[in-house]
Amino acid sequence: MILSKEHCEKAAEFRYFAEKNIDCGDNYPRANLHRAAEKGYMGLPIPRQYGGLGEDFLTYILFIEEVSRVCASTGVIMAVHTSVGSMPLLYFGSEEQKRRYLVKLARGEYIGAFALTEPDAGSDAAAISTGARPVHGGYRLTGRKIFITSGGEADLYTVFATIDTSLGRKGITAFLVEKGSPGLTVGRTESKMGLHRTHTAELLMEDLYVPVSNRLEKEGKGFSVAMSLLDGGRIGIAAQGLGIAAAALDYGIFFLKKRADWKEGNGQGKRFELANLATRLEAARLLTYRAAANRDAGKGKAMEASMAKTAATDLAMEAASWCIETCSFEGIIQGSPPVRFFCDAKATQIYEGTNQIQRIVIARSCSEVRGS
């Protein structure tokens, strides 16, 4: 698909904002998030009646791509905040819940997070064991969540727990849990190879009381809530991959232009590698933009989201590797941009469903379409 004039103007606006306002430091990027909130970007696809800008999903994807081009950590924090941090409320929240929480998320007053993964429930979300015991007026949650993006920093978590493990996915229920709630503690914060500015932590719940007013949807509907959000999240990570890939190519080209053999028109091998990567970047963009546009049109498919994520994040890893090799010894210095691109890119192949899982989704969808 070709972007509309309006989308092209938005992309240019976001690139200017990212280059002028997004830094790539070492600490949790609160300043970046604050600047984005001032422009309303923390609630891009949220309707205006709930504090957002009311833009379409594709516009939000263009934003994540441009931010990630400058700082992938900021990009994924914003992607999680918007897709799986805010969308549960937009799609499944009551009017009272939207007024109480969604407005704050859209304005950037709250940071949202998604607490699904457990030690024994990663790709198999139906296997979660965090319990939700019904009590008078609400529930008591006990369990452990791991690898939570913005864990300890987020103000609101969408937490998934089961009212009865024997019910499998039919027992899973979603809850809204505020930071600082009695019984909620932040455990270990992970030391990761990349995305160093994000806080990835475990959440521990011990007899955590959640009132029934903070239950999202009905009992037993949590699995459906979680699964309905993952396609949008995967398109967001695809956009992050696009940003990292573009940054890696830009940096590699900048380095090549300083080489004498490149100026003299030599280096055909590197030119061919660059041509292949640049072509694949445009192809991955088209896949990602198509998935976002179809989601806007109500025609989104899991296969499209999985294809976009796989193509864009695999490309990000290959572009980052090319950048390191192109920059020679400079490319392997700890803390250098090429090393940052490489380490950040690897994570995108893993979260929001590993690319192996994406390939299973794609293959299954192809088999269904072709009637095999």
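Given A121, A154, A201, which one is surrounded by fewer than 21 Cβ atoms within 10 Å (Cβ to Cβ), closer than 27 Å to C343 by Cα and of a type in the set (A, V, I, L, M)? Can you show your working first?
Numbers: A154 fails: surrounded by fewer than 21 Cβ atoms within 10 Å (Cβ to Cβ); A201 fails: surrounded by fewer than 21 Cβ atoms within 10 Å (Cβ to Cβ).
Checking each option against the conditions leaves just A121.
In the condition set (1) at pLDDT 95 or above; (2) of a type outside the set (S, T, Y); (3) over 22 Å from K309 (Cα atoms), D56 is compliant with all but (3).
If you go through region 102-137 and pick out every residue that is closer than 24 Å to A37 by Cβ and over 20 Å from the mean Cα position of the chain (by Cα), you end up with 1. The residue list G40, G51, G93, G112 contains one member that is among the small types (G, A, S), out of contact with any Gly (no Cβ under 9 Å at 6 or more places or on another chain) and either surrounded by 24 or more Cβ atoms within 10 Å (Cβ to Cβ) or not assigned by TED's automatic domain parsing to the domain that holds R197 (or both), which is G93.
Every condition in (1) more than 20 Å from K20 (Cα to Cα); (2) in contact (Cβ under 8 Å) with a residue 24 or more places away in the chain; (3) surrounded by fewer than 24 Cβ atoms within 10 Å (Cβ to Cβ) holds for V70 except the one numbered (1). Quick check on this structure: which one of E352, E282, E273 is closer than 21 Å to A246 by Cβ and either in the same structural domain as D26 (by TED's automatic domain parsing) or in a loop (DSSP other than H, G, I, E, B) (or both)? Of the residues listed, the single one that is closer than 21 Å to A246 by Cβ and either in the same structural domain as D26 (by TED's automatic domain parsing) or in a loop (DSSP other than H, G, I, E, B) (or both) is E352.
On the given criteria, is H7 of a type outside the set (V, I, T), at pLDDT 95 or above and in contact with a helix residue (DSSP H, G or I) (Cβ under 7 Å, 6 or more places away or on another chain)? Answer is yes for this residue.
The rows are residues; the columns are (1) outside any helix (DSSP H, G or I); (2) touching a helix residue (DSSP H, G or I) at 6+ places or on another chain (Cβ under 7 Å).
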position: G168; (1), (2): no, yes
position: F175; (1), (2): yes, yes
position: G180; (1), (2): yes, no
position: T185; (1), (2): yes, no
position: R188; (1), (2): yes, no
position: S191; (1), (2): yes, no
position: T198; (1), (2): yes, yes
position: E202; (1), (2): yes, no
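The sole residue among G137, G168 that is on the phi > 0 side of the Ramachandran plot and modelled with pLDDT under 95 is G168. All conditions in (1) buried (at least 23 other Cβ atoms within 10 Å of the Cβ); (2) more than 24 Å from L3 (Cα to Cα) hold for A308, with the sole exception of (2).
The values are calculated or read from the model by the stated rules, or taken from the named source; none is laboratory data. What you see is a predicted model; the values in this text were computed from it and never measured. Every residue, glycine as well, gets a Cβ built from its backbone with ideal geometry; the counts of neighbours run over all protein chains shown.
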